[in-house]
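These notes concern the structure reproduced below.
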Amino acid sequence: MADLWSYKGKRCVVVGCFSGIGEATARELVRLGGEVHGFDIRPSPVELASFQSCDLRDRAQIDAALAAVPGPIDALFYCAGLPQTFPAIEVIQVNFLSVRYLIEQALPKMPEGSAIAVIASTAGNGYMQRLDTIRELIATPDYDAGLAWAEPRLAELGDPYTFAKEAVIVWGLLQSQELIKRGVRINLLSPGPTESGMTKDFEAVSSAKMIDVFTRPINRRSSSAEQSYPLIFLNTPGASYVNGLNLVADAGFTAGAMMGVFDPMVLLKEAMEA
Ligand SMILES: NC(=O)c1ccc[n+]([C@@H]2O[C@H](COP(=O)([O-])OP(=O)(O)OC[C@H]3O[C@@H](n4cnc5c(N)ncnc54)[C@H](O)[C@@H]3O)[C@@H](O)[C@H]2O)c1
């Protein structure tokens, strides 16, 4: 049997390979023998098979980056993201609309047995409470229609980061139902607080103490590498029966909140008052 965990000879695309979890993912995939092609707006410090400069807010740049990578693509990792310190519409673009667009455009190059892993977030945990609104966005037929749906609703959608993460989770779970029919798996990873290029942005929006509420019960933040390992697992043949999973890598925070071991709202209030 082929090595279930090796990436030897596998063509991988890592979207968002400049810093954080995407950089760690690209680095580990190279170490595992993968042929790794990276896309980012800034050059990657990792030695890659190829690097495509790509601003994910621009569809022509996504098209050009994908055209530069020969098929077949065995594993696609969408790790790019923008925090809520950026304009709301750009957050919705990079964290949802461009995910959908890039994956749709990449699929013709993805054969049976290939797999896709997308980084979402525990910030999107509440997706079931907003399903109807999210379904409206998902029902838009293309990028322009998605933009036209979102632009007039930015105020009512609230935090664009939370909304885009909820949307990408729902979209990914729905895609898993269709893609598996052609032998392609798609899963999501929802990290808890992680040290990365985004840390300073998150700390500008809410205090470090408030972010650390979400590190219960381990009481430390994740490193980017610690998130790359489960992400990489999702696209191995060892995960051949794993499809439509939102893998929550938060060291047990969601479990503790769901089981009533602690109340995040109470902890947040305490952190705000501290
Ligand atoms: N850091 C956390 O606490 C945390 C927690 C949960 C989820 N996430 C998610 O993890 C993913 C990776 O983020 P990270 O934490 O490693 O942060 P990061 O800022 O280090 O990485 C984000 C990457 O996306 C790239 N990027 C941003 N805008 C782009 C654009 N327009 N075009 C091309 N590339 C662009 C950046 O250059 C960078 O390489 C994101 O989806 C983020 O939302 C992060």
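The values are calculated or read from the model by the stated rules, or taken from the named source; none is laboratory data. Because the structure is predicted, anything quoted here is derived from the model rather than measured. Here the Cβ positions follow ideal geometry from the backbone for every residue, glycine too, while neighbour counts run over all protein chains shown.
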Out of all the residues in the range 197-206, is one or more among the hydrophobic types (A, V, I, L, M, F, W, C), within 13 Å of the ligand (Cβ to nearest atom) and closer than 15 Å to N125 by Cβ? no
Count of residues meeting criterion [assigned to a loop (DSSP other than H, G, I, E, B) and on the phi < 0 side of the Ramachandran plot] in the range 182-226: 17
Just to be sure, is V69 buried (at least 22 other Cβ atoms within 10 Å of the Cβ) and within 16 Å of the ligand (Cβ to nearest atom)? no
For the range 122-130, indicate whether the set of residues that are away from the ligand (no atom under 16 Å from the Cβ), farther than 19 Å from E23 by Cα, part of a helix (DSSP H, G or I) and among the polar types (S, T, N, Q) is non-empty. yes
Looking at the range 255-272, I want the residues that are touching a residue at least 12 places away in the same chain (Cβ under 8 Å) and have a partner that is small (G, A, S) and surrounded by 12 or more Cβ atoms within 10 Å (Cβ to Cβ) with Cβ atoms under 6 Å, at least 6 apart or on another chain. Which pairs are those? F262/G256; P264/A257
Candidates L154, L179, filtered to the one that is part of a helix (DSSP H, G or I), among the aliphatic types (A, V, I, L, M) and touching a helix residue (DSSP H, G or I) at 6+ places or on another chain (Cβ under 6 Å): L154
If the requirement is being over 24 Å from V36 (Cα atoms), surrounded by fewer than 23 Cβ atoms within 10 Å (Cβ to Cβ) and at pLDDT 95 or above, which of these qualifies: Q105, Q93, Q84? Q84
For the range 75-121, the count of residues that are within 13 Å of the chain's Cα centre (by Cα), among the small types (G, A, S) and not in a loop (DSSP other than H, G, I, E, B) equals 2
Just need a number here: residues in the range 1-25 that are within 7 Å of the ligand (Cβ to nearest atom) and part of a helix (DSSP H, G or I). 4
Specify which of the listed residues (A164, A251) is under 15 Å from the mean Cα position of the chain (by Cα), surrounded by 17 or more Cβ atoms within 10 Å (Cβ to Cβ) and within 25 Å of S19 (Cα to Cα). A164
Can you confirm whether L154 is within 11 Å of the ligand (Cβ to nearest atom) and at pLDDT 95 or above? no
